[in-house]
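Report on one structure; see the data block that follows.
The values are calculated or read from the model by the stated rules, or taken from the named source; none is laboratory data. Keep in mind it's a predicted model, so treat the numbers as computed, not measured. Neighbour counts run over all protein chains shown; Cβ positions are idealised from the backbone, glycine included.
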Amino acid sequence: MFAGKTMWEIVQIGGFTMYILLFCSFLSIAILLERIIYYRKRSKTNRGEFMARIARALNGGGIEKAMALCKETLAPFSNVVYSGLELSGRQEKEISNAMEREITIEVTKLERYTGIVGTIGNIAVYIGLFGTVLGIIRAFHDIAAAGAGGMSIVIGGVAEALVCTATGLFVAIPAVIAFNYFARKVELFTNDMELCASELIDLIGGE
(Lines give C-alpha, C1' and ligand atoms only; values in the text may rest on other atoms or scores of the structure.)
Protein backbone atom coordinates (compact mmCIF):
# COMPACT_ATOMS: atom_id res chain seq x y z
CA MET A 1 0.00 0.00 0.00
CA PHE A 2 2.76 2.43 0.96
CA ALA A 3 5.58 0.84 -1.02
CA GLY A 4 7.70 3.44 -2.76
CA LYS A 5 6.11 6.34 -0.87
CA THR A 6 8.20 8.82 1.07
CA MET A 7 7.48 9.74 4.68
CA TRP A 8 6.16 13.12 3.56
CA GLU A 9 3.72 11.45 1.14
CA ILE A 10 2.45 9.17 3.91
CA VAL A 11 1.92 12.20 6.14
CA GLN A 12 -0.07 13.89 3.39
CA ILE A 13 -2.23 10.76 3.02
CA GLY A 14 -3.22 11.04 6.67
CA GLY A 15 -4.50 14.60 6.28
CA PHE A 16 -4.27 17.56 8.63
CA THR A 17 -4.53 15.41 11.76
CA MET A 18 -1.09 14.00 10.92
CA TYR A 19 0.39 17.48 11.26
CA ILE A 20 -1.22 17.82 14.69
CA LEU A 21 0.20 14.45 15.75
CA LEU A 22 3.67 15.32 14.46
CA PHE A 23 3.59 18.57 16.41
CA CYS A 24 2.55 16.67 19.54
CA SER A 25 5.40 14.23 18.98
CA PHE A 26 8.02 16.96 18.63
CA LEU A 27 6.64 18.78 21.68
CA SER A 28 6.68 15.60 23.76
CA ILE A 29 10.27 14.79 22.77
CA ALA A 30 11.42 18.36 23.48
CA ILE A 31 9.89 18.31 26.96
CA LEU A 32 11.32 14.84 27.66
CA LEU A 33 14.85 15.98 26.79
CA GLU A 34 14.49 19.21 28.79
CA ARG A 35 13.22 17.38 31.87
CA ILE A 36 15.89 14.68 31.68
CA ILE A 37 18.60 17.35 31.65
CA TYR A 38 16.86 19.25 34.46
CA TYR A 39 16.52 16.16 36.65
CA ARG A 40 20.04 14.93 35.96
CA LYS A 41 21.61 18.23 37.04
CA ARG A 42 19.66 18.06 40.29
CA SER A 43 20.44 14.41 40.98
CA LYS A 44 24.22 14.71 41.18
CA THR A 45 24.31 15.24 44.95
CA ASN A 46 23.65 12.33 47.29
CA ARG A 47 21.13 13.23 49.96
CA GLY A 48 22.84 11.25 52.74
CA GLU A 49 26.25 12.78 52.07
CA PHE A 50 24.76 16.26 51.86
CA MET A 51 22.98 15.96 55.21
CA ALA A 52 26.12 14.54 56.80
CA ARG A 53 28.01 17.65 55.71
CA ILE A 54 25.21 19.85 57.02
CA ALA A 55 25.33 18.05 60.37
CA ARG A 56 29.09 18.53 60.64
CA ALA A 57 28.72 22.22 59.86
CA LEU A 58 26.00 22.64 62.48
CA ASN A 59 27.92 20.69 65.11
CA GLY A 60 30.74 23.14 64.61
CA GLY A 61 28.33 25.98 65.25
CA GLY A 62 28.44 27.12 61.64
CA ILE A 63 24.91 28.01 60.53
CA GLU A 64 26.38 30.33 57.93
CA LYS A 65 28.65 27.57 56.66
CA ALA A 66 25.69 25.20 56.36
CA MET A 67 23.69 27.81 54.46
CA ALA A 68 26.64 28.42 52.12
CA LEU A 69 26.77 24.68 51.48
CA CYS A 70 23.09 24.74 50.50
CA LYS A 71 23.71 27.56 48.04
CA GLU A 72 26.55 25.61 46.43
CA THR A 73 24.39 22.51 45.94
CA LEU A 74 22.07 22.31 42.92
CA ALA A 75 19.39 20.02 44.31
CA PRO A 76 15.78 20.58 45.38
CA PHE A 77 16.48 19.34 48.91
CA SER A 78 19.25 21.91 49.36
CA ASN A 79 16.70 24.70 48.93
CA VAL A 80 14.43 23.02 51.46
CA VAL A 81 17.25 22.77 54.00
CA TYR A 82 18.23 26.38 53.34
CA SER A 83 14.69 27.57 54.06
CA GLY A 84 14.85 25.75 57.39
CA LEU A 85 18.30 27.04 58.30
CA GLU A 86 17.10 30.61 57.73
CA LEU A 87 14.74 30.13 60.68
CA SER A 88 17.23 28.37 62.92
CA GLY A 89 16.47 29.10 66.57
CA ARG A 90 12.75 29.60 66.06
CA GLN A 91 9.90 27.29 66.95
CA GLU A 92 9.93 23.83 65.36
CA LYS A 93 6.47 24.36 63.84
CA GLU A 94 7.58 27.55 62.13
CA ILE A 95 10.68 25.85 60.68
CA SER A 96 8.63 22.86 59.53
CA ASN A 97 6.02 25.06 57.83
CA ALA A 98 8.70 27.00 55.97
CA MET A 99 10.24 23.80 54.65
CA GLU A 100 6.86 22.41 53.64
CA ARG A 101 6.19 25.53 51.61
CA GLU A 102 9.58 25.20 49.95
CA ILE A 103 8.86 21.55 49.11
CA THR A 104 5.65 22.65 47.39
CA ILE A 105 7.59 25.24 45.37
CA GLU A 106 10.23 22.70 44.35
CA VAL A 107 7.63 20.09 43.37
CA THR A 108 5.97 22.68 41.14
CA LYS A 109 9.32 23.28 39.42
CA LEU A 110 9.90 19.54 39.02
CA GLU A 111 6.44 19.01 37.50
CA ARG A 112 6.77 21.90 35.03
CA TYR A 113 5.63 20.91 31.51
CA THR A 114 5.02 17.29 32.53
CA GLY A 115 1.26 17.80 32.37
CA ILE A 116 1.60 18.60 28.67
CA VAL A 117 3.20 15.22 28.03
CA GLY A 118 0.49 13.50 30.05
CA THR A 119 -2.18 15.26 28.01
CA ILE A 120 -0.50 14.25 24.75
CA GLY A 121 -0.39 10.65 25.95
CA ASN A 122 -4.12 10.77 26.66
CA ILE A 123 -5.39 12.51 23.53
CA ALA A 124 -2.99 11.40 20.76
CA VAL A 125 -4.90 8.16 20.18
CA TYR A 126 -8.19 10.04 19.91
CA ILE A 127 -6.69 12.53 17.47
CA GLY A 128 -5.53 9.57 15.40
CA LEU A 129 -8.98 7.97 15.51
CA PHE A 130 -10.53 11.27 14.47
CA GLY A 131 -8.23 11.39 11.46
CA THR A 132 -9.09 7.80 10.61
CA VAL A 133 -12.83 8.51 10.72
CA LEU A 134 -12.37 11.51 8.45
CA GLY A 135 -10.28 9.39 6.08
CA ILE A 136 -12.93 6.68 5.90
CA ILE A 137 -15.65 9.26 5.26
CA ARG A 138 -13.50 10.73 2.48
CA ALA A 139 -12.88 7.29 0.96
CA PHE A 140 -16.60 6.45 0.80
CA HIS A 141 -17.36 9.92 -0.55
CA ASP A 142 -14.85 9.41 -3.36
CA ILE A 143 -16.39 6.03 -4.18
CA ALA A 144 -19.88 7.53 -4.26
CA ALA A 145 -18.73 10.43 -6.43
CA ALA A 146 -17.05 8.04 -8.90
CA GLY A 147 -20.24 5.99 -9.14
CA ALA A 148 -18.34 2.75 -9.05
CA GLY A 149 -16.05 0.90 -6.74
CA GLY A 150 -15.19 -2.37 -5.26
CA MET A 151 -13.87 -4.03 -2.17
CA SER A 152 -10.28 -3.25 -3.17
CA ILE A 153 -11.02 0.46 -3.37
CA VAL A 154 -12.76 0.44 0.01
CA ILE A 155 -9.93 -1.52 1.63
CA GLY A 156 -7.37 0.83 0.10
CA GLY A 157 -9.16 3.89 1.46
CA VAL A 158 -9.52 2.38 4.93
CA ALA A 159 -5.86 1.34 4.98
CA GLU A 160 -4.77 4.87 4.17
CA ALA A 161 -7.10 6.27 6.82
CA LEU A 162 -5.67 3.93 9.47
CA VAL A 163 -2.31 5.70 9.12
CA CYS A 164 -3.68 8.31 11.53
CA THR A 165 -4.55 5.71 14.16
CA ALA A 166 -1.13 4.10 13.87
CA THR A 167 0.55 7.49 14.20
CA GLY A 168 -1.62 8.35 17.20
CA LEU A 169 -0.46 5.18 18.96
CA PHE A 170 3.14 5.91 17.95
CA VAL A 171 2.90 9.32 19.63
CA ALA A 172 0.81 8.29 22.66
CA ILE A 173 2.79 5.27 23.89
CA PRO A 174 6.15 7.08 24.36
CA ALA A 175 4.32 10.06 25.90
CA VAL A 176 2.65 7.83 28.50
CA ILE A 177 5.98 6.16 29.29
CA ALA A 178 7.64 9.59 29.62
CA PHE A 179 4.88 10.86 31.91
CA ASN A 180 5.24 7.83 34.17
CA TYR A 181 8.99 8.45 34.26
CA PHE A 182 8.39 12.07 35.26
CA ALA A 183 5.97 11.03 38.01
CA ARG A 184 8.49 8.55 39.43
CA LYS A 185 11.33 11.09 39.39
CA VAL A 186 9.20 13.73 41.10
CA GLU A 187 8.23 11.16 43.73
CA LEU A 188 11.89 10.34 44.43
CA PHE A 189 12.83 14.02 44.64
CA THR A 190 9.90 14.63 47.00
CA ASN A 191 10.96 11.76 49.25
CA ASP A 192 14.47 13.20 49.46
CA MET A 193 13.13 16.65 50.32
CA GLU A 194 10.84 15.30 53.03
CA LEU A 195 13.65 13.22 54.55
CA CYS A 196 15.99 16.22 54.56
CA ALA A 197 13.33 18.35 56.22
CA SER A 198 12.79 15.71 58.90
CA GLU A 199 16.51 15.34 59.53
CA LEU A 200 17.01 19.08 59.78
CA ILE A 201 14.21 19.33 62.34
CA ASP A 202 16.11 16.81 64.43
CA LEU A 203 19.26 18.91 64.12
CA ILE A 204 17.92 22.40 64.78
CA GLY A 205 14.25 22.11 65.71
CA GLY A 206 13.20 23.74 68.94
CA GLU A 207 16.54 25.43 69.56
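Residues of the range 103-128 that are surrounded by 16 or more Cβ atoms within 10 Å (Cβ to Cβ) and closer than 17 Å to ALA172 by Cβ: THR114, ILE116, VAL117, GLY118, ILE120, GLY121, ILE123, ALA124, VAL125, ILE127, GLY128.
Number of residues in the range 91-102 that are part of a loop (DSSP other than H, G, I, E, B) and of a type in the set (Ser, Thr, Tyr): the value is 0.
Take ILE36 and tell me if it is over 19 Å from ILE201 (Cβ atoms), crowded, with 20+ Cβ neighbours inside 10 Å, at pLDDT 90 or above and β-branched (Val, Ile, Thr). Lay out the reasoning, then the answer.
Working: over 19 Å from ILE201 (Cβ atoms): yes; crowded, with 20+ Cβ neighbours inside 10 Å: no; at pLDDT 90 or above: yes; β-branched (Val, Ile, Thr): yes.
Against the criterion (over 19 Å from ILE201 (Cβ atoms), crowded, with 20+ Cβ neighbours inside 10 Å, at pLDDT 90 or above and β-branched (Val, Ile, Thr)), ILE36 does not qualify.
Number of residues in the range 171-207 that are surrounded by 15 or more Cβ atoms within 10 Å (Cβ to Cβ) and either assigned to a helix (DSSP H, G or I) or of a type in the set (S, T, N, Q) (or both) equals 24.
Within the group LEU27, LEU87, LEU110, which residue is at pLDDT below 90 and either over 30 Å from THR167 (Cα atoms) or touching a helix residue (DSSP H, G or I) at 6+ places or on another chain (Cβ under 9 Å) (or both)? Break it down stepwise before answering.
Values: LEU27 fails: at pLDDT below 90; LEU110 fails: at pLDDT below 90.
Selected residue: LEU87, the only one of LEU27, LEU87, LEU110 that is at pLDDT below 90 and either over 30 Å from THR167 (Cα atoms) or touching a helix residue (DSSP H, G or I) at 6+ places or on another chain (Cβ under 9 Å) (or both).
Restricting the search to helices (runs of 4 or more DSSP H) fully inside the range 16-90 and requiring at least 3 residues that are in the same structural domain as ILE177 (by TED's automatic domain parsing) gives 16-41.
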